[in-house]
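The values are calculated or read from the model by the stated rules, or taken from the named source; none is laboratory data. A quick note: this is a predicted structure, and the numbers were derived from the prediction, not measured. Heads up, the Cβs are rebuilt from the backbone with ideal geometry, glycines too, and the neighbour counts pull from every protein chain shown. Heads up: the accessible areas ignore ligands, DNA and RNA and are worked out on the full protein's heavy atoms, side chains in. Shrake-Rupley method; radii C 1.70, N 1.55, O 1.52, S 1.80 Å.
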Amino acid sequence: MRTIVLIGLVGFAAQLVDGSLGMAYGVTTTTLLLAIGTNPAAASATVHLAEIGTTLVSGVSHWKFGNVDWRVVRRIAIPGAIGAFLGATILSKLSTEAAAPVMAVILLLLGLYILIRFTFQGIPRHNLGKPLRKRFLSPLGFVAGFVDATGGGGWGPVGTPAILASGRLEPRKVIGSIDTSEFIIAVAASLGFLFSLGSQGINFAWVGAILVGGVIAAPIAAWLVRHIPPRLLGASVGGLIVLTNTRSLLKSDFIDAPGGVRNVFYVVIVIGWAAAFAYSLREYLRDRDNESSDAVTHFREEQEVALVGTRTDDVPAPGPDPDATEKRDVVGLLPEVNGE
């Protein structure tokens, strides 16, 4: 019973972080399950089965608080589902540990970029309101879905920083859209695992505990992300990406750093993260009117309207119809032909 309660609390904490920062649900819960001896495929399957419920509630909650851009959800969810189903099928047959360090390096660099950018510049506005293209979102969704299924988590850590780095959507919309589309990813990955593994190794009591904890936390997280200023949200997400991927890299077979060395890195990162957050908070308080969540949303909406107006203005006005002109000339000649 104590184990079930502990797993439920982990599900609550993981969903609270994931719903607020757009990542870490799968990574947190999968890490716990692996630590108590579950094999990688069964751990990932357990997490994704629980995520079907938690992501559904999270998506509805984000939608209620206005945190979802449905254009992004439509363009990223289907490729993500294909990648997740494929990844689940592959994980059931082989290990993908060799690719983990490469992915960790890429995400670490993205995390550093986001942390520095949001800390010192606030939310970038020169691209805000510009549409996110399908040719960007479709490959991103496929890769994120594949990584999510093979690693037990990755939809948020891959998708959130990539969209944030584009600067075209404010952080709360990025997080809400990623969390909402994750429902489709969880369903696809779960189907892949069930087709490949059946119910082998899946503890449904653990699934239920993770699910209950996540469902309780989901609306709280959606409310938080609606009200946290974008600058602080971006700095928080960036720090979390740096910390989690540094951990993955140091523990990988590629580096395999001793525990003492890893702890030194963690302390340095946490201190730097705290300093970045404190600086971001100070800058937000200096210009609260322009840095608030509502102000950024209003700016994005104005930019979208301006972009639509620009596209309309670029369309040339219809000129005279040459066929109609020719017809008028012919009609004008008719009286002369008739001798009038």
- prompt: Taking the condition within 24 Å of V174 (Cβ to Cβ), modelled with pLDDT of 85 or more and touching a Phe, Trp or Tyr at 6+ places or on another chain (Cβ under 6 Å), does A235 pass?
  reply: no
field: region 274-289 residues that are acidic (D, E), paired with ones that are part of a helix (DSSP H, G or I) (beta carbon under 7 Å, 6 or more apart)
entry: E283/R231; D289/A295
- request: Could you figure out which of (1) open to solvent by 10 Å² or more (accessible area, probe 1.4 Å); (2) modelled with pLDDT of 90 or more; (3) of a type outside the set (A, V, I, L, M, F, W, C); (4) closer than 24 Å to A221 by Cβ isn't true of G66?
  value: (2)
statement: Only unsatisfied item for L224, checking (1) over 22 Å from F65 (Cα atoms); (2) open to solvent by 10 Å² or more (accessible area, probe 1.4 Å); (3) not basic (K, R), is (1)
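Does at least one position in region 243-254 carry a residue that is more than 24 Å from D69 (Cβ to Cβ), of a type in the set (A, V, I, L, M), open to solvent by 60 Å² or more (accessible area, probe 1.4 Å) and modelled with pLDDT of 85 or more?
Applying the first criterion (more than 24 Å from D69 (Cβ to Cβ)) to region 243-254 yields 243-254.
Filter once more, so that each one left must be of a type in the set (A, V, I, L, M): 243, 249-250.
The next check asks that each one be open to solvent by 60 Å² or more (accessible area, probe 1.4 Å); those that pass are none.
The answer is no; no qualifying residue exists.
So which of I163, I184 is at pLDDT 80 or above and surrounded by 24 or more Cβ atoms within 10 Å (Cβ to Cβ)? So that I can check it myself, show each step before the final result.
On the way: I184 fails: surrounded by 24 or more Cβ atoms within 10 Å (Cβ to Cβ).
Testing whether each residue is at pLDDT 80 or above and surrounded by 24 or more Cβ atoms within 10 Å (Cβ to Cβ) leaves just I163.
Name every residue in region 235-270 that is hydroxyl-bearing (S, T, Y) and closer than 25 Å to L281 by Cα, in order of residue number.
Taking region 235-270 and keeping what is hydroxyl-bearing (S, T, Y), we get 236, 244, 246, 248, 252, 266.
Residues satisfying the conditions are S236, T244, T246, Y266.
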- prompt: Which ones in region 235-280 are closer than 26 Å to A165 by Cα and β-branched (V, I, T)?
  reply: V237, I241, V242, T244, T246, V267, V268, I269, V270, I271
